[in-house]
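Trainee: Just dropping this structure here.
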Amino acid sequence: MIRNLFKHCSVNDVLREKGYVVIDNSDLKPFKNYSSPLSNDNDVSFYTLAKKYMDEDYFERFINGEGTATESGKFLMQLKNNKEKYSKEIIDEFEINEQQVEEQITAVKSILESFVWENGLVTGTSEEQPNYLDKILKWNKNMLNLFL
């Protein structure tokens, strides 16, 4: 009986019983930070376009509901005339940043894979590393010795 009860309980159910507010967003597809979960095919959101291309002072007033119809109309006209260009610029910038992050992750992984471990501590590397790495390893060992 208890086994059948737990079969039908989810983690969210347990969290709710403990008083947590649980939002189930499992049906949402992943989206880019320049988009929104409601957009089609990761289109650039109005907020992203406004934040990047709207005058900074007016953007703050616009967000706070203090904008004027004239200023908003001017920006909407600018957006209408340049939306494809603006969207392309934002997407290109995102993709460049994404590539740089992937390169940095790969570089860090290769450094970590070169570490020599002894008793849970890094004692050196299997490859030649910058000369400051030895100083960092020595400092790390000295700091750990303070706690042992």
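Trainee: Could you work out how far apart the two model spin labels at PHE31 and VAL108 are, taking each label as a point 7 Å from the Cα in the direction of the beta carbon, and quote it in nm?
Mentor: Simple spin-label model gives 2.7 nm for this pair.
Trainee: What does the charge dipole of region 2-113 about its Cα centre add up to, to the nearest 20 debye, if the Cβ of each Lys and Arg holds +1 and the Cβ of each Asp and Glu holds -1? Intermediate values should be presented prior to the final figure.
Mentor: Values: 15 positive and 21 negative charges, 108 e Å.
Dipole about the Cα centre, nearest 20: 520 debye.
Trainee: Right, another one. Round to the nearest 0.05 the FRET efficiency obtained for GLU56 and LYS18 when R0 = 35 Å and r is the Cβ-Cβ distance. Present the calculation step by step, with values, prior to reporting the outcome.
Mentor: On the way: r = 43 Å, r/R0 = 1.24.
Once rounded, the FRET efficiency stands at 0.20.
Trainee: If r is the Cβ-Cβ distance from TRP139 to GLN78 and R0 is 41 Å, what FRET efficiency results, to the nearest 0.05?
Mentor: Numbers: r = 54 Å, r/R0 = 1.31.
Here the calculated transfer efficiency is 0.15.
Trainee: I need the calculated FRET efficiency for the pair LYS85 and ASN119, taking r as the beta carbon distance and R₀ as 41 Å, to the nearest 0.05.
Mentor: Working: r = 58 Å, r/R0 = 1.41.
The calculated FRET efficiency here is 0.10.
Trainee: State, to one decimal in nm, how far the label point of ASN97 lies from the label point of THR70, with both points 7 Å from Cα in the Cβ direction.
Mentor: Going by the 7 Å Cα→Cβ label model, 3.4 nm.
Coordinate-derived values only; no laboratory data. Since the structure is predicted, the reported quantities are computational estimates derived from the model, not experimental observations. No Cβ is skipped: glycine too gets one built from the backbone with ideal geometry, and neighbour counts run over all protein chains shown.
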